[in-house]
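Engineer: Structure in structure tokens, see below.
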Amino acid sequence: TAGTYPVRLVVAANPCIDDTIVQVDVLAVPTSDFTVTTPVCVGDNSIITYTGNANANATYAWDFDGGTVVSGSGQGPYELSWATGGTKNVTLTVSLGSCSSPLTTNSVTVNDLPVVDAGSDVFICDGESATLSATGATTYDWQPATGLSATTGASVTATPITTTTYTITGTSNGCLGTGTVTVNVNPFPVVGVNPTQATVCA
């Protein structure tokens, strides 16, 4: 077990005896346990927290699998983000003196942001309606509510009285993505007839 132990050496050459004592420090093998926040979205932070028994003076060899360190150093804790989705493997080895921990690996699931598409902008005449449909996510929220038949769902009916740009926020696996679509409202043409009577031959 860890601790400081006296080691005594006795040398005897009859009739003489001598001894010496040295102190031997036995260090605890450091552990490399840590926790991660998972899942996270692309661009959001995962919190990495060391939970082992080593102190701040130990050497911490982290591998964040391409993550960007937002904050943290040494023992941590760290805030990390990743620019791409997928499974990211965070690893740690801790060294204290001549003692090293085994390698510990924890995985962080990084979910991609949904790409929300509501199609091309549409054109309607005053008083008409258009059906708007969004793809790319699991659930959808439409704003503003002006002229819409609903503010949720993949498909809504829009009857705005003026040209309006709608923002759609889509959610998948707890991650958000946005898209827009504009409904252009055109007025009906005003038709005029010259009231002057025209005379023609049969």
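Engineer: Before I look further, what does segment 68-126 give for accessible area per residue, probe 1.4 Å, in whole square angstrom?
Structural biologist: Value returned for segment 68-126: 51 Å² of accessible area per residue.
Engineer: Connecting C-alpha atoms closer than 10 Å in a GNM of the chain, tell me which of Asn89, Asn106, Asn186 has the biggest fluctuation.
Structural biologist: Asn186
Engineer: I'm spelling it out carefully: the read-out is volume of the Cα convex hull per residue in Å³, the candidates are (i) 172; (ii) 120; (iii) 153, and one was derived from this structure. Which label?
Structural biologist: Read-out taken from this structure: (iii).
Engineer: Carbon and sulfur atoms: what percent of the 1.4 Å accessible area of the chain do they account for? Mind dumping the intermediate values first?
Structural biologist: Working: 6650 of 12200 Å².
Summing carbon and sulfur atoms, their accessible area is 54 percent of the total for the chain.
Engineer: When the Karplus curve 6.51 cos²θ - 1.76 cosθ + 1.60 is applied with θ = phi - 60°, which whole-Hz ³J(HN,Hα) does each residue of segment 15-31 get, with x for Gly and Pro?
Structural biologist: For segment 15-31, the Karplus curve yields x, 9, 9, 9, 8, 9, 10, 10, 9, 10, 8, 9, 8, 6, 5, x, 9 Hz.
Engineer: Still on this structure: Please give the contour-minus-distance gain from Leu9 to Cys125: 0.36 nm per residue of separation, less the Cα-Cα distance, rounded to one decimal in nm.
Structural biologist: Gain in length upon complete extension: 31.5 nm.
Engineer: Just how large is the dipole of the chain about the Cα centre, in debye to the nearest 20, putting +1 at every Lys and Arg Cβ and -1 at every Asp and Glu Cβ?
Structural biologist: Its charge dipole is roughly 60 debye.
Engineer: How much of the DSSP bridge set in the chain is antiparallel, in percent, rounded to the nearest 5?
Structural biologist: Antiparallel bridges make up about 90 percent of those DSSP assigns within the chain.
The values are calculated or read from the model by the stated rules, or taken from the named source; none is laboratory data. All figures in this text were calculated on a predicted structure; none of them were measured in a lab. Neighbour counts run over all protein chains shown; Cβ positions are idealised from the backbone, glycine included. For the accessible areas, the whole protein counts, side chains as well, though only heavy atoms, and no ligand, DNA or RNA atoms are used. Shrake-Rupley method; radii C 1.70, N 1.55, O 1.52, S 1.80 Å.
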